[in-house]
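To keep things clear, I will list the structure first and then write my remarks on it.
Derivation of every value follows stated rules applied to the coordinates shown; laboratory data play no part. Quick caveat: nothing in here was measured; it's all calculated off a predicted structure. Please note: Cβ atoms are built from the backbone with ideal geometry, for glycine as well, and neighbour counts cover all protein chains shown.
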Amino acid sequence: MLKRNIITKTMAVAAAAFVMVACQKIDRPELGEYIKDANPPGGPLKFYVAFDGTTTDPLRNAVDSMRANFASSNPLTFVPGISGRAIQGAATKDKAVKYASPNDFADASSFTVSYWLKHSPQTDGEPEFHFSLPSKDYWHSSAMFLLVEKAGPNPDNSTPTQMACTFAVQDRWVEFRGPNRLPNALDGNWHHLAFTYDQTTSKLTAYVDGVAVPYTGTGNIVGGAATPMGPAKFWNSSRDNLSSFVIGGWNKHVGGMGDAFKGPQDPWIHSYSGAMDQFRLYNKALTASEVTALFNSKR
């Protein structure tokens, strides 16, 4: 018995020594050039997808992998983008990219939506949705969306040189129509769009290619001049009511609110038919210089 105890103790000491040596060897590895995270935990960038699908950049790959590996929820194809690859929207009424959530962007009080687009006209000229944040808290079942109006001669419609659109936040709508339409965004070339909302002013500002679009009248105050919105709130009764995040379409295009929103579509509800790249959501209103920097760097 004594001999066995001695052998056991000897083996335990040897094992401990091996562990210590092994730990010492891996405690000081040769450090390479690690990617520097420009958006540390708690930073303002809450959602980012480059649409590259196979990117080796670990800071992008998590969201890109969602796009690449869940084809049933994300049926769009890849095309050359403004940086790497982009997604190509579908001319049908039932395809868009669906993500499980917009991450912590749902808690933003000020915000920025930023992305690149290359427009392709709808075959029947109907309106189309660029993105949507589905929510059960609102009558239109979306806490945020962008709807681009159909083409036509009416000042409330879009042309290749003027994009008429509506940006919805909760039940507040900001309409970029008539003299407030966005320039050049639908001419078939790559353009950068950004929408910033500042809770201190209750104003939504649109940027095209890094330049703020002038807005006439009071409609740029979300909710109207008499009732400024203040801090944005994308959910009311429960954060769980935000079911997903849709890029390139609206809730019905992906069944974003469950079975009741699947199936036949309203004839005017179209998914986005063009290409889209570098989609970002921030929980702050970027400054004009920050938006310009995104445009200049093709980010």
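Could you list, in their original order, any pairs among Lys95/Lys284; Lys150/Lys203; Lys233/Lys298; Lys118/Lys150 whose Cα atoms are separated by more than 28 Å? Pairs exceeding 28 Å: Lys95/Lys284; Lys233/Lys298. By the beta-carbon count within 10 Å of each Cβ, the least crowded to most crowded order of Leu45, Leu182, fewest first, is Leu45, Leu182.
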